[in-house]
Amino acid sequence: MSTIDKDLTSFIDIAADSDFSIHNLPYGIFSDTKDSADNNRRAGVAIGEQVLDLSVLEAEGLLSLTGGPYFDQPTLNAFIDSGRDNWTKARTTIQTLLSSDNGTLRDNADLQAKVLFKQADVTMHLPVQVPGFTDFYSSKEHATNVGTMFRDPKNALLPNWTEMPVGYNGRASTVIVSGTDVIRPSGQLKPNADERPIFLPCKRLDFELETAFVVGRGNDIGQPIAVDAAADHIFGMVLLNDWSARDIQKWEYVPLGPFNAKTFASEVSPWIVTMDALTPFKIACPTQEPKPLAYLNEKDSNNSFDIHLSVELLPENSDEATVVCETNFKYMYWSMAQQLTHHTITGCKVEVGDMMGSGTISGPTPDSYGSMLEIAWNATKPVTLKGGETRSFIEDGDTVIMKGYSEKDGIRVGFGEVRGKVLPALSFDFDK
Ligand code: CA
């Protein structure tokens, strides 16, 4: 479905600026706030300020999918793995049940009481079991900014950057869901070039504004995914705060790339927005020069998405967040299809539930930079927050909130938010 059916409305009250319109229907895993045990976790879709319990719809015989049931489970992996025909059938069925002109749920108060929960009354969990986490580096503006700061402004991009989506294999085990606190990491820092490193809490803790796509269909080892088939392997997207320890990274990253600087927390929004919901917001990637090698050359030039993104900073004991970045996914140089194809071109196997980060998404202007490193330009231009405090990096007690949505013709499809608070570093006593 590439166009928006504006006549499609829901009987549920949904604010005009809600991320969760009937055109969206993102999937998540939730439990009653009272009991978050695995056996109480099940799948739902967000609709307005509510969650629709898909496990009850299945049990009531209102959502029958091939090979099901799928939704009375603590992850979405089995549903996603069941294939595109089921994705389409689920979306169509749920959309019909929530629509204004279908009476099945609209006219049945008992059923509504069983299947609708206020989002404020549930706990959200990681929506998929994540077998692998990969992080790309696909924003030209971000890579140029970092190269300008740390290498050479005249040659900010390394020669490989415009030839391939540069990336690295990260840690799936530390992909965490929004709302999880992040403990400030400690590690090797090397503030003085002439002296040995010291072990200390990270002083340059940063966020990275990213999205991640969720692999919906894997491949066999040895069998690359062709670039024009890659879209069929992507189920949906989430917001990603790829927490980063800049000072740990600076000392460790040569020659094999980031390691401990990126392994402590990759925090994602709880709702997976499907590619079906995002299709109406497709637009072209920036022009790629030089033209990519043939294996990365896509037929479809409408290979990106118009997704407005923002970052807010909320210091401890403050009730007023400051917007420190507003940007857009459309600035990404390499498309998700190109990333997935490049990832598998050697025969690397990817699996259902794998998450692949975009890389920090920066736009062309300073107010659209996607990390504190860039916003405060390596601590040379600290940001003043609404309460008067200044920041070059993230302090203990700070909460970072990322939001994202697409909007067109008055129709909104959004991600909600990913929110994480930083706790002080652990104290270590190595003398004992
Ligand atoms: Ca990253």
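The values are calculated or read from the model by the stated rules, or taken from the named source; none is laboratory data. Keep in mind that what you see is a predicted model, and the values were worked out from it rather than measured. Cβ sites come from the backbone with ideal geometry, for glycine too, and all protein chains shown count toward neighbours.
Some notes on this structure:
- Residues satisfying the stated conditions in region 179-221, i.e. charged (D, E, K, R) and over 30 Å from residue 349 (Cα atoms): 181, 184, 190, 194, 195, 196, 203, 204, 206
- So residue 89, is it modelled with pLDDT under 95, surrounded by fewer than 18 Cβ atoms within 10 Å (Cβ to Cβ) and of a type in the set (Lys, Arg): no
- Filter result for the condition that a residue is closer than 30 Å to residue 227 by Cβ and either of a type in the set (Lys, Arg) or away from the ligand (no atom under 16 Å from the Cβ) (or both), over 411, 361: 411
- Filtered residues of region 263-281 (kept if among the hydroxyl-bearing types (Ser, Thr, Tyr), outside any strand (DSSP E or B) and away from the ligand (no atom under 12 Å from the Cβ)): 269, 279
- Test: residue in region 53-73 that is modelled with pLDDT of 95 or more, buried (at least 18 other Cβ atoms within 10 Å of the Cβ), in contact with a helix residue (DSSP H, G or I) (Cβ under 6 Å, 6 or more places away or on another chain) and in a strand (DSSP E or B): yes
- Residue within region 365-387 that is within 16 Å of the ligand (Cβ to nearest atom) and more than 23 Å from residue 201 (Cβ to Cβ) present: yes
- Going through (1) within 20 Å of the chain's Cα centre (by Cα); (2) more than 28 Å from residue 45 (Cβ to Cβ); (3) away from the ligand (no atom under 12 Å from the Cβ) one by one, residue 260 falls short only on (1).
- Residues that are more than 30 Å from residue 86 (Cα to Cα) and modelled with pLDDT under 95, drawn from region 251-285: 253, 254, 255, 256, 257, 258
- Scan of region 336-359 for residues that are of a type in the set (D, E, K, R) and either in contact with a Ser or Thr (Cβ under 9 Å, 6 or more places away or on another chain) or without any contact (Cβ under 8 Å) to a residue 12 or more places away in the chain (or both), ordered by number: 354
One line per residue, one yes/no per condition, for (1) crowded, with 24+ Cβ neighbours inside 10 Å; (2) under 30 Å from residue 395 (Cα atoms); (3) more than 17 Å from the chain's Cα centre (by Cα); (4) of a type in the set (D, E, K, R):
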{"site": "282", "(1), (2), (3), (4)": "no, no, yes, yes"}
{"site": "293", "(1), (2), (3), (4)": "no, no, yes, no"}
{"site": "307", "(1), (2), (3), (4)": "yes, yes, no, no"}
{"site": "331", "(1), (2), (3), (4)": "no, yes, no, no"}
{"site": "339", "(1), (2), (3), (4)": "yes, no, no, no"}
{"site": "348", "(1), (2), (3), (4)": "no, no, yes, no"}
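- For residue 235: the one exception among (1) out of contact with any helix residue (DSSP H, G or I) (no Cβ under 6 Å at 6 or more places or on another chain); (2) in contact (Cβ under 8 Å) with a residue 60 or more places away in the chain: (1)
- Of the criteria (1) within 16 Å of the ligand (Cβ to nearest atom); (2) part of a loop (DSSP other than H, G, I, E, B), which one residue 146 fails: (2)
- Within region 77-133, tally of residues that are of a type in the set (A, V, I, L, M), under 24 Å from the mean Cα position of the chain (by Cα) and over 15 Å from residue 58 (Cα atoms): 7
- In region 360-391, the residues that are in contact (Cβ under 8 Å) with a residue 40 or more places away in the chain, in a loop (DSSP other than H, G, I, E, B) and of a type in the set (S, T, N, Q): 360, 362, 371, 378
- When the residues of region 1-47 are filtered to those that are among the small types (Gly, Ala, Ser) and either touching a strand residue (DSSP E or B) at 6+ places or on another chain (Cβ under 6 Å) or in a strand (DSSP E or B) (or both), the one that is modelled with the lowest pLDDT is 36.
- Tabulated pairs, region 134-155, first hydrophobic (A, V, I, L, M, F, W, C) and modelled with pLDDT of 95 or more, second within 14 Å of the ligand (Cβ to nearest atom) and in a helix (DSSP H, G or I), C-beta under 6 angstrom, 6+ apart or interchain: 136/339
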